[in-house]
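K.L.:
One structure, as structure tokens, below. Some questions next.
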Amino acid sequence: MRYFLELSYNGKAYHGWQNQPNAISVQEVIEKALSTILNTKISIMGAGRTDTGVHASQMFAHFDYDGDFKSIDIIYKLNSFLPKDVAITSVFEVKPEIHARFYAESRTYNYKISTSKNVFNYDFAYQIQSPLDLEAMNEACKILFQYKNFQCFSKTNTDVKTYNCDIKEAHWTKINEQLVFTITADRFLRNMVRAIVGTMVNIGLGKMKPEELHAIIASKNRSEAGFSVPAHGLYLVNIVYPKTIRIEN
């Protein structure tokens, strides 16, 4: 039978989601916990591959297991076994063909910028104390909807079949002393969100105008876009699946 895990994690201590040969990953600690609790080797497949230092307030992964367990028990045992920076929210059975990565309809990320020095959130938001033009940054967001190919924001030498992404939502909001960028798409390229935010920051600082984004995207050249902002301000916050994936018991 196939099961979905819903989880969250603070990415500070991890070299991203995916297993690494010489570094600890979120996937590794969950697989070890599941394998210990279920007394058999368990492999999990995540909905995405967040980079080193990136956080997730909602992530999904699937695994296969032929035995029986109560969801409430496995959640309790996993949360007791896992380190304090990884938490399991729910476990539920899905149809056997459902794949956590390929069946996701959309993913939403937030990027957080602190506009004042804050000793309590420097690990969780990128601190920029220079004034940023929020109106210009939101003008730039509107331009993203006019394009599908975002190769200019992709990490170079990435093995992908297409650079096309369908961006459904992109905007900046001010929440107290933070600026929060929200972006939703059917898929994302490696480093895409951090490169978009870096370009938006350049626009917000007045180093370039919003309309210059047209030429950057058309260039399909990573060196034309802005810098990649630090990973610690990035959060995977929502993944949407079809409602029909669950098996109701």
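Rule-based calculations on the coordinates, nothing more; no lab input. Source: prediction; values computed, not measured. Note that we place each Cβ from the backbone using ideal geometry, even for glycine, and neighbour counts take in every protein chain shown.
K.L.:
Sticking with the crude label model, points 7 Å out along Cα→Cβ, report the distance from D73 to R187 in nm, one decimal please.
P.N.:
So the two model labels end up 4.0 nm from each other.
K.L.:
In debye, nearest 20: dipole of the range 78-120 around its Cα centre with unit charges on the Cβ of K, R (+) and D, E (-)? Could you put the intermediate results ahead of the total?
P.N.:
Values: 6 positive and 4 negative charges, 61 e Å.
Taking the Cα centre of the range 78-120 as origin, the dipole is about 300 debye.
K.L.:
Find the Rg to Rh ratio for the range 2-102, where Rh is the Kirkwood radius over alpha-carbon pairs and Rg uses the same atoms.
P.N.:
Working: Rg = 12.6 Å, Rh = 13.5 Å.
My calculation of the ratio gives 0.93.
K.L.:
Now, a different point. Given R₀ = 51 Å, FRET efficiency for A218-M1 by Cβ-Cβ distance, to 0.05?
P.N.:
Working: r = 48 Å, r/R0 = 0.94.
E(calc), rounded to 0.05, equals 0.60.
K.L.:
While we're looking at this one, here's another question. List, in order, the whole-Hz ³J(HN,Hα) value for each residue of the range 88-94 obtained from phi through the Karplus relation with A = 6.51, B = -1.76, C = 1.60 and θ = phi - 60°; use x for Gly and Pro.
P.N.:
9, 9, 7, 9, 8, 7, 10
K.L.:
Would you pull out the residues with amide H under 5 Å of A100's amide H, same chain only if 5 or more places away, H placed 1.01 Å from N?
P.N.:
H62
K.L.:
Assign one of three labels to the range 75-153, namely rounded, prolate or oblate, based on the Cα gyration tensor with a ≥ b ≥ c the square roots of its eigenvalues; rounded applies when a/c is under 1.5, prolate when it is not and a/b is larger than b/c, and oblate otherwise.
P.N.:
Details: a/c = 3.92, a/b = 1.33, b/c = 2.94.
The shape class here is oblate.
K.L.:
A further question follows. Could you tell me the center-to-center distance, by alpha carbons, between the range 175-230 and the range 126-146 in angstrom?
P.N.:
Here the two parts' Cα centres lie 8 Å apart.
K.L.:
In deg cm²/dmol and to the nearest 500, what is the mean residue ellipticity at 222 nm of the chain if only DSSP H runs of at least 4 residues count, each as -39500 (n - 2.57), divided by the residue total?
P.N.:
Numbers: 5 runs with 55 residues, N = 249.
That calculation yields -6500 deg cm²/dmol at 222 nm.
K.L.:
Starting from the Cα of K243, move 7 Å in the Cα-to-Cβ direction to define the label point; list residues of the range 93-111 whose amide nitrogen is under 16 Å from there.
P.N.:
105
K.L.:
At most 14 other Cβ atoms within 10 Å and a DSSP loop assignment: could you name the trypsin sites (Lys or Arg not before Pro) in the range 41-139 that fit?
P.N.:
Numbers: sites: K41, R49, K70, K77, K84, R101, R107, K112, K117; in loops: K41, R49, K70, K84, R101, K117.
The qualifying sites are K41, R49, K70, K84, K117.
K.L.:
Work through the residues other than I128 whose Cβ is under 15 Å from its Cβ and net out their charges, Lys, Arg +1 and Asp, Glu -1. Let's see the in-between values first.
P.N.:
Values: positive: K112, K117, K174, R194, K207; negative: D133, E177.
Here the charged neighbours net out to +3.
K.L.:
Something else: As I understand it, the value is the acute angle between the Cα axis of helix 192-204 and the longest principal axis of the Cα atoms of the chain; what does it come to in degrees, rounded to 10?
P.N.:
Here the helix axis deviates by roughly 30 degrees.
K.L.:
Using a ≥ b ≥ c from the Cα gyration tensor of the range 118-165 (square roots of the eigenvalues), is it rounded, prolate or oblate, where a/c under 1.5 gives rounded and otherwise the larger of a/b and b/c decides, a/b for prolate? Mind dumping the intermediate values first?
P.N.:
Working: a/c = 3.67, a/b = 1.54, b/c = 2.39.
Oblate, because a/c is 1.5 or more while a/b does not exceed b/c.
K.L.:
Net charge near A13, counting Lys/Arg +1 and Asp/Glu -1 over other residues with Cβ under 13 Å of its Cβ?
P.N.:
Cβ neighbours under 13 Å give a net charge of -1.
K.L.:
Using a Gaussian network model on the chain with a 10 Å cutoff between Cα atoms, which of I74, I196, I175 fluctuates the most?
P.N.:
Answer for the Gaussian network model of the chain: I175.
K.L.:
Here's another thing I want to ask about it. Determine how many Å³ per residue the convex hull of the Cα atoms of the range 106-237 encloses. Present the calculation step by step, with values, prior to reporting the outcome.
P.N.:
Working: hull volume 13.0 nm³, N = 132.
Here the figure is 98 Å³ per residue.
K.L.:
When the chain is fully extended, how far beyond the present Cα-Cα distance does T40 get from D85, taking 0.36 nm per residue of separation?
P.N.:
Values: separation 45, 0.36 × 45 = 16.20 nm, distance 2.40 nm.
Here the answer is 13.8 nm.
K.L.:
Apply the Karplus curve 6.51 cos²θ - 1.76 cosθ + 1.60, θ = phi - 60°, to the phi angles in the range 43-55 and return the couplings in whole Hz, x for Gly and Pro.
P.N.:
Each residue's phi maps through the Karplus curve to give 10, 10, 10, x, 6, x, 10, 5, 7, 3, x, 7, 9 Hz.
K.L.:
Output the 0 to 90 degree angle, nearest 10, between the alpha-carbon long axis of helix 134-144 and the longest principal axis computed from the alpha carbons of the chain.
P.N.:
70
K.L.:
Also: Can you list the residues, at least 5 places off or on another chain, whose amide H is less than 5 Å from the amide H of S106, using H built in the peptide plane?
P.N.:
V240
K.L.:
Let me check I've understood the local charge: for A185, count other residues with C-beta under 12 angstrom from its C-beta, Lys and Arg +1, Asp and Glu -1. What total comes out? Kindly include the intermediate steps, with their values, before the conclusion.
P.N.:
Values: positive: R107, K148, K168, R187; negative: E105, D166, E169, D186.
Within the 12 Å Cβ shell, the charges total 0.
K.L.:
Which pairs in the list K161/K220; K142/K209; K112/K174; K174/K220; K12/K84; K117/K155 are over 19 Å apart, alpha-carbon to alpha-carbon?
P.N.:
Working: K161/K220 15 Å; K142/K209 13 Å; K112/K174 10 Å; K174/K220 30 Å; K12/K84 12 Å; K117/K155 30 Å.
With Cα atoms farther than 19 Å apart: K174/K220; K117/K155.
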